[in-house]
Amino acid sequence: MHKPIHIIIVGAGAFGGWTALYLKRAGARVTLLDAWGPGNSRSSSGGETRVIRATYGPNQPYTKLAARAIELWHEHQIKWNRQFLLPLGVLWMMGGDGAYARGSVAPLQAAGVKFEEVGLKDLERRWPQINFDDVESGIYEPDSGCLLARTSAQAVVDHFIAEGGEYRQQAVDGRNLEARLSDAMRNGSESEVPLLDGSHISANRIIFACGPWMGHLFPQTIGPHFVSTRQEIFFFGAPAGETRFNAGNVPVWGDQTGHFMYGIPGNQERGFKLADDTRGPEFDPTYGDRLVSREGIENVRSYLAYRFPGMKDAPLLESRVCQYENTSDENFIIDRHPRNENIWMVGGGSGHGFKHGPALGEMVTKLVLKDDDAEAIFRLARFSGKTTSPKTTLPPTSPSSS
Ligand SMILES: Cc1cc2nc3c(=O)[nH]c(=O)nc-3n(C[C@H](O)[C@H](O)[C@H](O)COP(=O)(O)OP(=O)(O)OC[C@H]3O[C@@H](n4cnc5c(N)ncnc54)[C@H](O)[C@@H]3O)c2cc1C
């Protein structure tokens with residue numbers, strides 16, 4: 001009988017988990033490893049919620065990918081009889097010259113995403129709890145919203161196991177890994193990874209989907225173009241009985257009038273989520289302390305009072321420190337290792353990767369099984385000759401986060 005190709009996936013977050021599920025369904029033998037488990041508190045896929053939207057500006061692959069992801073999230077909700085996508089609507093508030101808004105329209109139309117361009121008067125009428133000073137226009141996606149993050153990451157791995165995949169809570173030994181993997185093309189068809197317990201595991205293909213750890217694991221290939229940054233997230237409490245800031249009354253929103261801010265209305269009886277997307281300092285995902293800063297609280301409080309005046313004195317209920325796994329152009333990395341074609345690297349979600357999980361898993365599965373190249377925007381060659389690290393502000397053409 002024909003022996004199926006064996007694929008090891010390292011990292012069971014949004015990228016690795018969905019890829020494992022799709023590869024298993026495509027007939028591969030799949031072993032999924034994670035050091036701490038899917039959606040763990042150190043990972044970028046941890047925490048409660050993530051924004052899912054398809055508005056991304058002009059000339060990018062993400063609107064189409066998000067549209068496919070929305071279909072697949074729905075398909076899996078029905079299949080698994082669980083809800084992960086809360087369709088609260090997403091409002092993108094734009095200022096400036098309106099280029100981002102205008103540039104978003106054609107990709108949204110081409111991808112068949114339902115959206116409305118909303119003028120200032122209409123914005124003020126529909127959402128009087130938002131102060132629209134500085135906002136020129138909005139794009140509203142009624143069927144988009146937010147995803148349950150940790151819960152869905154864990155469900156994906158549960159279903160991967162139920163569909164016959166093997167999951168192990170084990171860590172790959174990252175010490176000198178890139179050099180060791182570069183030498184490790186045994187017989188040209190198998191490669192081996194060292195585990196922290198001293199053992200080794202080999203397979204025909206090894207996919208590294210290690211989120212913010214990718215730069216450390218691949219210091220030569222990914223390191224110069226990658227940085228993990230510290231990001232703070234806050235959840236504020238509305239006044240007693242006040243529902244204007246809850247799901248159903250105000251949408252998920254992104255504010256591009258200044259440096260990018262975004263948030264998710266109160267849902268599941270938790271607070272009103274608010275975050276500043278500006279890249280924070282470099283952050284170690286394994287040992288970094290995860291306490292928010294006084295300056296971070298003051299910054300979001302003053303924004304909250306300005307944009308959502310009814311939340312002016314809202315108490316801070318919860319906070320988190322997470323990290324973005326940024327590439328220098330905010331585009332994902334999906335490529336083979338230049339010195340070992342059995343090794344694939346999938347990461348660089350750059351603060352906007354979670355929503356794409358199922359569509360990305362589907363895409364990576366096709367690429368790996370056909371030994372095909374990803375689109376140029378995802379390949380490492382785009383960095384050729386460049387060694388710039390990501391900045392703490394977004395480059396003008398980047399896809400922006402959330
Ligand atoms: C604060 C914040 C807000 C965000 N907001 C949004 C949003 O609104 N919308 C959106 O779409 N995206 C958002 N993102 C981005 C999105 O969450 C990430 O891009 C995505 O979750 C990345 O998934 P991943 O699988 O690449 O990484 P991870 O989830 O970090 O998974 C990597 C896994 O690898 C494992 N691992 C690492 N090293 C090893 C090793 N040596 N051996 C074994 N296992 C290992 C880890 O334990 C981890 O589970 C946000 C991210 C953050 C942090």
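Extension gain for residue 173-residue 109 works out to 18.5 nm (0.36 nm per residue, less the C-alpha to C-alpha distance). Residues 382, 82, ranked from the fewest to the most other C-beta atoms within 10 Å, line up as 82, 382. Considering only 109, 198, 217, the residue lying farthest towards the positive end of the dipole of the chain is 198, judged by Cα position with unit charges set on Cβ. Along the Cα-to-C-beta direction of residue 74, a point sits 7 Å from the Cα; which residues of the stretch 126-170 have their amide N less than 19 Å from that point? Under 19 Å, as judged by backbone N against the label point of residue 74, lie 140-148 of the stretch 126-170.
Computed packing ranks the peptides 16-22, 114-120 as 16-22, 114-120, most packed first, by mean other Cβ atoms within 10 Å. Ranked for footprinting exposure by Cβ neighbours inside 10 Å, fewest first, 76, 259 give 259, 76. Each residue, residue 126 and residue 341, gets one label point 7 Å from its Cα in the Cβ direction; the gap between the two is 5.1 nm. Taking every DSSP bridge with both residues inside the chain, close to 70 percent are antiparallel.
With q set to 0.11 Å⁻¹, the log10 of I(q)/I(0) for the stretch 6-383, from the Debye formula over equal scatterers at the Cα positions, is -0.76. Within the listed set 238, 305, 203, the residue fluctuating most in the Gaussian network model of the chain (springs between alpha-carbon atoms under 10 angstrom) is 305.
Number of Lys-Lys pairs in the chain with C-alpha atoms under 25 Å apart and a separation of 8 or more places or on different chains: 25.
Pairs of Cα atoms under 8 Å, at least six residues apart: use those to get the relative contact order of the stretch 6-383, whole percent. Mind showing how you got there, number by number?
Working: 826 pairs, mean separation 88.4, N = 378.
It comes to 23 percent, rounded to a whole number.
With a Förster radius of 41 Å applied to the C-beta separation of residue 166 and residue 295, the computed FRET efficiency comes to 0.35. Among 303, 140, 287, sorting on how many other beta-carbon atoms sit within 10 Å of each Cβ, with the fewest leading, yields 287, 303, 140. Charge dipole of the chain (Cα centre as origin; +1 on each Lys and Arg Cβ, -1 on each Asp and Glu Cβ, all else neutral): 560 debye, rounded to the nearest 20.
Axis of helix 99-111 versus longest Cα principal axis of the chain: the two differ by about 60°, to the nearest ten degrees. Taking the chain as a Gaussian network, where each spring joins two C-alpha atoms under 10 Å apart, which residue of 74, 216, 337 fluctuates the most? Among 74, 216, 337, the largest mean-square fluctuation in the Gaussian network model of the chain belongs to 74.
For the chain, a Gaussian network of Cα nodes joined below 10 Å ranks 81, 176, 131 by mean-square fluctuation, and the top entry is 81.
Bear in mind these aren't lab numbers, they're just calculated from the coordinates by the rules spelled out. Values in this document were obtained by computation on a predicted structure and should not be read as measured data. So basically every Cβ, Gly included, is an ideal-geometry build from the backbone, and we count neighbours across all protein chains shown.
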